[in-house]
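The values are calculated or read from the model by the stated rules, or taken from the named source; none is laboratory data. Computed from a predicted structure; not experimentally measured. With ideal geometry, Cβ positions are generated from the backbone for all residues, glycine too; neighbour counts draw on all protein chains shown.
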Amino acid sequence: MENSMVMGLDIGSTWTKGALFSFSTDGPATLLTRLQIATPIENLYHGFSKIKKGLMCEVGTQPVPCYVTSSARGGLKVAAIGVVPDLTLSVAKQTVMNAGGKITASFSYKMTGFEKARLEEIQPDIIFLAGGTDGGNEAIILHNAQQLATLSSEGIILYAGNAKLQERVCRILNKKELRITENIMPEVGTLNLEPAREAIRDLFLSRLIDGKGLSVIQAEITGEVRPTPRAMLDLVEAMDRYCPEMGEFCLLDPGGATTDVYSCAVGTPNESGTILKGLTEPRIKRSVEGDLGLRVSAVPCVEAGNGYLAERMQEMELSKQDLDDWVTKATQHPEGLPETNEEKMADTLLAEVCVREAAGRHAGRMAETLTAQGKVILQRGKDLRSVRRVFLTGGYLSRLTEATLLHCAFNRLNTPLEEAPLWPAESEYYTDKDYLFPLLAAALPGNPKVCAATAIANARPL
């Protein structure tokens, strides 16, 4: 049996963390050392260098491959523009999220003045313009291109729509930084996501690395800095590929700035009389919620879970002032941990909101509707109710020792049929006990099979 050492480092919005693994050729890796420090946003290299030097103390002079991922400063902000909500816009949003981007705005049909002003306000890194099959809709796409031509935003525009319009879009946007790639939906029902995903990845490297201080780090590592969400999706795909005995599963990952949800499941209607509306979603899907976070996004998290929080605060006898005080403290000092009982309760409530809201948005929904043939049930998105295994990572969920928080959050998802998210009804929960998932995702290029096996071996049932 041969062993080799590999480093995986992740630069997050709250913590910079790293691990040194001993990779085996015939089983899970062995964790040798794990380190983390608060991310110094003003100097990302400082945190990276400190973690790497600490890990190298265990190695000596032996060269060790070092792989790095990053979601610092909130990751790559992307605005998605499509034509039909259930078709090209839905595909555009999924393409962005699977590539590691964060959707900060999304619009369908013809852009309005209000929507244009919204783009001016959020200043996305990338504006993802899609729509129309090849040879299909032209008017809406050309209208949206003309709207973008007068935008003051410095974001790069990535066009992945009707291929017949590429030259005209280039002429309209000739004063903008524009990238052209293949249509994400050349025919209705035919998806072509990889070229656009690759283009977003390349823009991540050029835009996020050069623009946010990672270029110095790039010179000292193996391969390229990769966006953390895309690396996590790669880890989920590897777990599915190399450990098929697990069956279908989901993964929850609440962080300081966003909450990400991954599902590895078919999710098509499994009940007679249920009809799928819209496109079939990919078996492996990622969603990211930029308003749900435990630190940087604590304020919008409270707004998103306002009704749920009011009920839970009364149950826990926690005052609104206590919650507000913790949100202020967590936002201003994201590296801090709760100290008092009130702070711990408030932190728990934020975690409940993150997983509850993110899971509810990720899962599909059902609704009854009347047709000429009578009542039918329409399903949008994925039906995940039959999934029996849910993995939990992120700094908060990795520390869980029992599932009370999850039961509190998910039991309240049992709403009437027309509103109920199709989230796993009866699941086994597994915590990422050493908080290794993002570090294994970073180290994945070193050996995907070993990283997948290590992730599962590190998962502890609640």
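Filter the stretch 2-49 down to the residues that are of a type in the set (Asp, Glu) and either over 23 Å from GLN218 (Cβ atoms) or more than 25 Å from the chain's Cα centre (by Cα) (or both) and list them by number. Working first, answer last.
Looking only at the stretch 2-49, we keep the residues that are of a type in the set (Asp, Glu), and these are 2, 10, 26, 42.
GLU2, ASP26 - these are the residues of the stretch 2-49 that are of a type in the set (Asp, Glu) and either over 23 Å from GLN218 (Cβ atoms) or more than 25 Å from the chain's Cα centre (by Cα) (or both).
For residues that are closer than 20 Å to LYS77 by Cβ and out of contact with any strand residue (DSSP E or B) (no Cβ under 6 Å at 6 or more places or on another chain), scanning just the stretch 149-172, find the one that is surrounded by the most Cβ atoms within 10 Å (Cβ to Cβ).
Of all residues in the stretch 149-172, those closer than 20 Å to LYS77 by Cβ come to 151-160.
Filter again for out of contact with any strand residue (DSSP E or B) (no Cβ under 6 Å at 6 or more places or on another chain), leaving 151-154, 160.
Working: LEU151: 18, SER152: 8, SER153: 18, GLU154: 10, ALA160: 28.
Top of the filtered list is ALA160.
Please note which helices (runs of 4 or more DSSP H) are completely contained in the stretch 298-360 and include at least 1 residues that are in the same structural domain as GLU402 (by TED's automatic domain parsing), touching a helix residue (DSSP H, G or I) at 6+ places or on another chain (Cβ under 8 Å) and closer than 25 Å to TYR262 by Cα. Working first, answer last.
Details: elements: 298-304, 306-316, 320-332.
Passing ranges, in order: 298-304, 306-316.
Given the residues ILE180, ILE172, which is the only one that is among the hydrophobic types (A, V, I, L, M, F, W, C) and touching a Cys at 6+ places or on another chain (Cβ under 8 Å)?
On the way: ILE172 fails: touching a Cys at 6+ places or on another chain (Cβ under 8 Å).
Only one candidate qualifies: ILE180.
Do you know which residues across the stretch 364-379 are surrounded by 16 or more Cβ atoms within 10 Å (Cβ to Cβ) and either part of a strand (DSSP E or B) or outside the structural domain of ARG283 (by TED's automatic domain parsing) (or both)?
Quick first cut of the stretch 364-379, residues surrounded by 16 or more Cβ atoms within 10 Å (Cβ to Cβ) only: 364-366, 377-379.
Matches in the stretch 364-379: ARG365, MET366, ILE377, LEU378, GLN379.
Checking the condition touching a strand residue (DSSP E or B) at 6+ places or on another chain (Cβ under 8 Å), closer than 15 Å to THR69 by Cα, crowded, with 17+ Cβ neighbours inside 10 Å and among the polar types (S, T, N, Q), which residue from THR181, THR228 passes?
On the way: THR181 fails: closer than 15 Å to THR69 by Cα.
Result: THR228 is the single residue among THR181, THR228 that is touching a strand residue (DSSP E or B) at 6+ places or on another chain (Cβ under 8 Å), closer than 15 Å to THR69 by Cα, crowded, with 17+ Cβ neighbours inside 10 Å and among the polar types (S, T, N, Q).
Answer yes if at least one residue in the stretch 90-105 is surrounded by fewer than 21 Cβ atoms within 10 Å (Cβ to Cβ) and touching a His at 6+ places or on another chain (Cβ under 8 Å), and no otherwise.
no
Being among the charged types (D, E, K, R) and modelled with pLDDT of 90 or more is the filter here; which residues of the stretch 286-302 pass it?
Filtering the stretch 286-302 for residues among the charged types (D, E, K, R) gives 286, 289, 291, 295.
Once the filter is applied, which keeps residues that are among the charged types (D, E, K, R) and modelled with pLDDT of 90 or more, the stretch 286-302 yields only ARG295.
Please work out if CYS264 is free of Cβ contacts under 8 Å to residues at least 40 places away in the same chain and either within 22 Å of ALA358 (Cβ to Cβ) or charged (D, E, K, R) (or both). Steps first, please.
On the way: free of Cβ contacts under 8 Å to residues at least 40 places away in the same chain: yes; either within 22 Å of ALA358 (Cβ to Cβ) or charged (D, E, K, R) (or both): yes.
Yes, satisfied.
Could you say whether any residue in the stretch 407-422 is modelled with pLDDT of 90 or more, touching a Phe, Trp or Tyr at 6+ places or on another chain (Cβ under 8 Å) and within 22 Å of GLY247 (Cβ to Cβ)?
Looking for residues that are modelled with pLDDT of 90 or more, touching a Phe, Trp or Tyr at 6+ places or on another chain (Cβ under 8 Å) and within 22 Å of GLY247 (Cβ to Cβ), one finds none in the stretch 407-422, hence no.
Considering only the stretch 185-208, state which residues are at pLDDT 85 or above, in contact with a helix residue (DSSP H, G or I) (Cβ under 8 Å, 6 or more places away or on another chain) and not in a helix (DSSP H, G or I).
The answer is MET185, PRO186.
Results for (1) part of a helix (DSSP H, G or I); (2) under 28 Å from ASP234 (Cβ atoms), shown as yes or no for each residue.
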{"residue": "GLN94", "(1), (2)": "yes, yes"}
{"residue": "ALA105", "(1), (2)": "no, yes"}
{"residue": "PHE114", "(1), (2)": "yes, no"}
{"residue": "ASP134", "(1), (2)": "no, no"}
{"residue": "LEU148", "(1), (2)": "yes, no"}
{"residue": "CYS170", "(1), (2)": "yes, no"}
{"residue": "ASN183", "(1), (2)": "no, yes"}
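Is at least one residue of the stretch 280-294 more than 30 Å from LEU378 (Cα to Cα) and buried (at least 17 other Cβ atoms within 10 Å of the Cβ)?
Step one: filter the stretch 280-294 for residues more than 30 Å from LEU378 (Cα to Cα), giving 293-294.
Checking which are buried (at least 17 other Cβ atoms within 10 Å of the Cβ) leaves us with 293-294.
Within the stretch 280-294, one or more residues are more than 30 Å from LEU378 (Cα to Cα) and buried (at least 17 other Cβ atoms within 10 Å of the Cβ).
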